[in-house]
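See below for the structure under consideration.
All of the numbers you see were taken from the coordinates with simple rules; none came from a lab. Predicted model only: the values in this text are computed from it and were never measured. Positions of Cβ are generated from backbone atoms using ideal geometry, with glycine treated the same way; all protein chains shown enter the neighbour counts.
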Amino acid sequence: MKISQGKSIFQFFAKSDIVKIAVVIVLVFTITNFLKVSILISGSKDISIYNAMHQALSVPGSFSNWLKQPWSIITFMFSSEEFLSLLFDLIWLWIFGSVIEDLKGPYRILPIYLLGGIFGGLAFMLSGMYSSTSSYYYLGVLPSLIAVVTATLIYNPKYAYWFYSVRIPIWVLGIFFFLMKVGTLSVYSISSIALILGGVLTGVLYNFGGIFLFDSLTNLFKKITLLGSNENFIKTSNKTNQKVSRKAMSDNATLDAILDKINQKGIQSLSAEERKILESFSKD
């Protein structure tokens, strides 16, 4: 029983996009900050290597700069500068993302998260064309996280969490989330609004008109996740278990029939074959 439970927990974590996203973000945060700490411990005040890596992970505020580092449209959404900010963002991701995973199943959050980041990054670069933020770089999970939150709030605003005996609707948490995010923005500018709008529009698209796109990505990520796994072995094992189960049911029925015969006519009424069957069961 313990092994079975362990497998179930492992399979849950393997399927959960929230866990996958969190693992990648924590790894990137750990690696980048380990480099920074190593530089400082060595006594060097030159952290240009860290700054260069930091900038390479960030999405730039102009399309011309982005062409020099096209990977940044993906990497920026898996990076974070501050530990506390990272911690709270992952908590928010779990609170809202788990609603969709609970109601619609696994492999649903990563498409929303990725598209939210991509649309937010594109909006950020587009805003640079009409403001002085073209030289800015952004690194963080804001548009991706807002995409997940918006998608959840529109999909099921009546969903609620229970804190002891207090029922907290998800839309109340959503209001608190947006107030906190807007209130803690370091800079209020067109670029900040663009990042937020990119995430919001992704969440709206998820619920209205874009389901084919998101479902296609869900199926793609599911196939990638299961690629090379022991899924075929699991199917074979299930078939074998079903055969064993049917055989066990048949054996139990045979044993019940023999015991009934003993009760009615005595053990002397058993045939030689029935005696062998009874003996084999007694040995087991």
Residues 107, 161 in order from fewest to most other beta-carbon atoms within 10 Å are 161, 107
Computed from the beta carbon distance with a Förster radius of 45 Å, FRET efficiency for residue 34 and residue 254 to the nearest 0.05 stands at 0.10
With a 32 Å threshold on alpha-carbon distance, the violating pairs from 15/68; 158/181; 20/158; 68/104; 158/222; 15/181 are 15/68; 68/104
Proxy exposure order for 180, 53, 125 (fewest C-beta within 10 Å first) is 180, 53, 125
Taking N as the residue count of segment 104-197, its alpha carbon Rg divided by 2.2 N^0.38 Å gives 1.24
Eigenvalues of the alpha-carbon gyration tensor of segment 2-229, times 5 and square-rooted, give semi-axes in Å, largest first, of 29, 23, 19
